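Here's the structure, in structure tokens; my notes come after.
The values are calculated or read from the model by the stated rules, or taken from the named source; none is laboratory data. All of these numbers come straight from a predicted model, not from anything done at the bench. Cβ coordinates were reconstructed from backbone atoms using ideal geometry, including for glycine residues, and neighbour counts include every protein chain displayed. Just the protein is used for accessible areas: all its heavy atoms, side chains included, with ligands, DNA and RNA removed. Shrake-Rupley method; radii C 1.70, N 1.55, O 1.52, S 1.80 Å.
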Amino acid sequence: MKRGMIANNGAFAREVVLIVCLFAPPAWGLDLETDLSTHYIEIRTTFRGASLTVFGSLSGQTAEEESPDAPKLDVVVVVKGPTETLAIRRKQETGPIWANGTSVVASNVPSFYFVASTRPVDEIVDRALLDRYHIGLDHLDVKFSKRVQVAEPNPEAEATIDEVLPFDLPTSESRISAAPISAPATPGADQLKQFQQALVRLLSARNAYSDKGTVTFVRPHLFRAEISIPSTVPEGDYGTEVYVVRGRQLLDAEYTVFFIDKKGLEGKVFDMAQKNPFGYGLLGVAIAVIAGWLSELAFRKR
Amino acid sequence: MLIYLPIAEISFNVFLLLGIGAAVGFLSGMFGVGGGFLMTPLLIFNGIPAAVAVSTGANQILASNVSGALAHWRRRAVDLKMGTLLLSGGILGSFLGVFTFQYLRKLGIIDVVISLAYVVMMGTIGSLMLYESARAILRARGSAPSARVGAHHSWLHGLPFKLRFPKSRLYISAIPPVMLGVFAGLLAAIMGVSGGFFLVPAMIYILRMPTNVVVGTSLFQGIFLMTTTTILQSTANKTVDIVLALFLMVGGVVGAQVGAAVAQKVRGDYLRAILAVIVLAVGVRLAFDLTIKPHELFSLDLLKRPVR
């Protein structure tokens with residue numbers, strides 16, 4: 001295993017990074033090496049999103065493997081941001097109005113998810129592998145559980161979700177990264193799939209989720225991919241996985257991390273809001289009163 | 001020019017922020033309504049998370065209220081005595097409202113209650129005001145002299161604890177203002193607004209205060225309600241974004257000054273009519289949103305922030 005030094009958070013993150021090779025490279029055969037154009041992104045006043053490049057090289061192939069008739073090499077890049085817990089709510093008709101009815105709690109949801117590949121991932125890798133490594137928007141490692149709703153207008157709707165989540169809260173969870181092919185398509189599984197698809201759809205609309213990135217080979221053994229990050233991402237650790245595939249087999253993989261940090265005035269504001277909320281509230285009130293008073297002074301008729 | 005908002009976690013156009021703040025501030029200075037019911041949808045429409053929009057809106061409304069109240073005060077158009085009674089009821093009402101809010105949340109019907117509350121309040125108040133002010137305008141155009149709203153007294157005025165309110169030229173019981181304040185505080189806590197859109201018509205039609213004092217007094221009372229809300233929201237939910245609030249405030253206080261100046265020059269009945277139309281329009285729009293099938297049935301709610 002190749003290892004860098006253990007990464008620290010904060011200011012030292014730039015200096016040391018963790019690069020882990022996910023497979024033990026054999027003494028012969030393919031070797032993958034990757035890195036990022038930057039491992040540290042600062043959010044400051046003018047932050048409007050960022051982009052970085054993941055690049056890497058492949059070496060150690062035999063002449064036979066390099067011939068044009070041999071199956072091509074493909075590369076898949078997956079970036080996952082820090083995870084959060086969300087409620088997914090669905091509106092339903094309650095009398096004359098549309099109001100939130102059933103809601104499902106999704107935990108371990110990545111706040112940012114980006115996939116780039118040389119070809120669409122379904123063409124490169126089998127579904128089972130996509131599930132195992134959680135590659136792709138249909139294969140996220142999100143846990144769903146039911147939320148207790150006291151005023152439930154349509155008991156039948158709840159009953160069908162229970163078929164997929166037959167346990168009691170709060171300990172029950174259900175993983176729905178992909179319905180097993182052998183399982184029957186129950187109405188409950190269908191309903192849950194709707195929620196899962198809504199989650200992906202809504203987060204994609206915010207540009208937090210994307211699976212349309214491309215990996216290009218600029219040389220026969222050198223590839224790169226652009227990762228674009230919207231301004232709405234949270235601070236934290238962003239894990240980047242790079243996979244090399246040939247003939248639907250995973251040959252090698254690497255994992256590295258980059259950090260996003262709120263710094264400067266905005267960082268201080270954010271920290272204060274989290275750590276000293278009462279003082280922060282008072283500050284907000286004070287600013288408002290002063291602003292109001294000053295503006296009145298400025299506009300007073302002479 | 002874009003600026004990053006740390007709590008909303010989005011980079012935003014500075015001029016758009018100033019514009020939204022100014023528009024809402026103008027309404028605040030002119031009519032005494034805090035503008036919360038307009039500010040929140042405007043911000044959400046532009047990508048600010050709903051919780052941040054509501055909480056930060058309270059902070060900004062506070063600034064506009066201070067600015068507008070001071071402006072009206074300079075023109076001797078604030079009844080401090082009445083305002084104090086209103087706000088003492090308001091603080092009590094907002095505490096009651098917070099508990100009611102939590103109770104409704106547990107029942108799972110808080111969203112429906114809030115939306116319905118908006119529609120009912122806006123619809124009834126808007127219609128009543130429009131009817132009354134239209135009558136007043138027509139009467140003024142006719143040969144008969146327009147009856148001043150403040151001329152009539154109702155049984156409410158005769159309740160015990162009567163006090164003199166020189167600014168409003170009233171001698172009425174202290175109980176109605178306090179009760180109105182409590183209800184306004186309740187509404188403010190549940191619906192996330194400053195309560196002005198209820199208090200302004202209530203002061204005009206129930207307390208029979210002269211229109212030119214009503215706006216300033218409503219703004220004065222709003223200052224204390226919004227202070228409570230800002231501190232509560234930042235402590236409990238950590239959803240107040242001071243950077244966002246700052247830019248909204250700058251636009252807002254300027255707008256409030258302009259609004260206050262314009263308000264003094266417009267006749268009472270015209271003011272009431274315009275306000276009635278605005279309130280009705282918002283109510284109709286909300287009712288529409290509630291009853292037709294939305295494009296997107298699903299929505300997301302952040303329960304736990306990303307773990308650092």
message: Please go through (1) within 14 Å of another protein chain (Cβ to nearest Cβ); (2) at pLDDT 95 or above for A:GLU226 and return the number of the only condition it doesn't satisfy.
response: (1)
query: For residues in the range B:63-77 being open to solvent by less than 10 Å² (accessible area, probe 1.4 Å) and either of a type in the set (S, T, N, Q) or free of Cβ contacts under 8 Å to residues at least 60 places away in the same chain (or both), which is nearest to the other protein chains (Cβ to nearest Cβ)?
result: B:SER67
message: Among the residues that make up the range A:225-239, is at least one of them more than 30 Å from A:THR62 (Cα to Cα), open to solvent by 40 Å² or more (accessible area, probe 1.4 Å), assigned to a strand (DSSP E or B) and touching a Phe, Trp or Tyr at 6+ places or on another chain (Cβ under 7 Å)?
response: yes
statement: The one condition A:ASP271 fails out of (1) open to solvent by less than 40 Å² (accessible area, probe 1.4 Å); (2) acidic (Asp, Glu); (3) not in a strand (DSSP E or B) is (1)
field: Residue count, the range B:71-103 (criterion: of a type outside the set (S, T, N, Q), assigned to a helix (DSSP H, G or I) and under 14 Å from B:PHE165 (Cβ atoms))
entry: 6
From the options B:LEU70, B:LEU43, residue that is of a type outside the set (Phe, Trp, Tyr) and farther than 30 Å from A:ALA205 by Cβ: B:LEU70
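I'd like the residue in the range B:166-186 that is surrounded by fewer than 24 Cβ atoms within 10 Å (Cβ to Cβ) and touching a Phe, Trp or Tyr at 6+ places or on another chain (Cβ under 8 Å) and, out of all such residues, is modelled with the highest pLDDT.
Within the range B:166-186, the subset surrounded by fewer than 24 Cβ atoms within 10 Å (Cβ to Cβ) is B:166-176, B:178-179, B:182-183.
Narrowing the set further to residues that are touching a Phe, Trp or Tyr at 6+ places or on another chain (Cβ under 8 Å) leaves B:171-175, B:183.
Numbers: B:TYR171: 82, B:ILE172: 82, B:SER173: 83, B:ALA174: 85, B:ILE175: 88, B:PHE183: 91.
Across the range B:166-186, the extreme among qualifying residues is B:PHE183.
I want to confirm something. Restricting to the range A:244-258 and keeping residues that are in contact (Cβ under 8 Å) with a residue 24 or more places away in the chain and open to solvent by 10 Å² or more (accessible area, probe 1.4 Å), which single residue is farthest from the other protein chains (Cβ to nearest Cβ)? Quick ask: steps written out before the conclusion?
Kept after step one, since they are in contact (Cβ under 8 Å) with a residue 24 or more places away in the chain, are these residues of the range A:244-258: A:244-248, A:250-258.
Of the ones still in play, those that are also open to solvent by 10 Å² or more (accessible area, probe 1.4 Å) are A:246-248, A:250-251, A:255, A:257.
Numbers: A:ARG246: 35, A:GLY247: 37, A:ARG248: 34, A:LEU250: 29, A:LEU251: 32, A:TYR255: 19, A:VAL257: 13 Å.
Per the criteria, the residue is A:GLY247.
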- request: Collect the residues in the range B:278-308 that are loosely packed, with under 14 Cβ neighbours inside 10 Å and of a type in the set (Val, Ile, Thr), keeping them in residue-number order.
  value: B:THR291, B:ILE292, B:VAL307
message: Every residue in the range B:36-50 that is at pLDDT below 85 and either assigned to a helix (DSSP H, G or I) or more than 14 Å from every other protein chain (Cβ to nearest Cβ) (or both), please.
response: B:GLY36, B:PHE37, B:LEU38, B:MET39, B:THR40, B:PRO41, B:LEU42, B:ILE44, B:PHE45, B:ALA50
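Return the residues of the range A:89-130 that are among the charged types (D, E, K, R) and either assigned to a strand (DSSP E or B) or open to solvent by less than 20 Å² (accessible area, probe 1.4 Å) (or both); say none if nothing qualifies.
Of the residues in the range A:89-130, the ones among the charged types (D, E, K, R) are A:89-91, A:93, A:119, A:122-123, A:126-127.
Of everything in the range A:89-130, those that are among the charged types (D, E, K, R) and either assigned to a strand (DSSP E or B) or open to solvent by less than 20 Å² (accessible area, probe 1.4 Å) (or both) turn out to be A:ARG89, A:ARG90, A:LYS91, A:GLU93.
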field: Meets criteria (away from chain A (no Cβ under 12 Å) and in contact with a Pro (Cβ under 6 Å, 6 or more places away or on another chain)) for B:LEU85
entry: yes
- request: Would you check if B:GLN221 is facing another protein chain (nearest Cβ under 9 Å), in contact with a helix residue (DSSP H, G or I) (Cβ under 8 Å, 6 or more places away or on another chain), more than 30 Å from A:THR46 (Cα to Cα) and open to solvent by less than 30 Å² (accessible area, probe 1.4 Å)?
  value: no
task: Output the residue which, of all residues in the range A:189-219 that are open to solvent by less than 80 Å² (accessible area, probe 1.4 Å) and part of a strand (DSSP E or B), is nearest to the other protein chains (Cβ to nearest Cβ).
output: A:TYR209
message: I want to confirm something. Restricting to the range B:12-29 and keeping residues that are open to solvent by less than 20 Å² (accessible area, probe 1.4 Å) and within 14 Å of chain A (Cβ to nearest Cβ), which single residue is modelled with the lowest pLDDT?
response: B:SER28
statement: Picking from B:VAL250, B:VAL243, the residue that is facing chain A (nearest Cβ under 8 Å), in contact with a Pro (Cβ under 7 Å, 6 or more places away or on another chain), at pLDDT 80 or above and surrounded by fewer than 22 Cβ atoms within 10 Å (Cβ to Cβ) would be B:VAL243
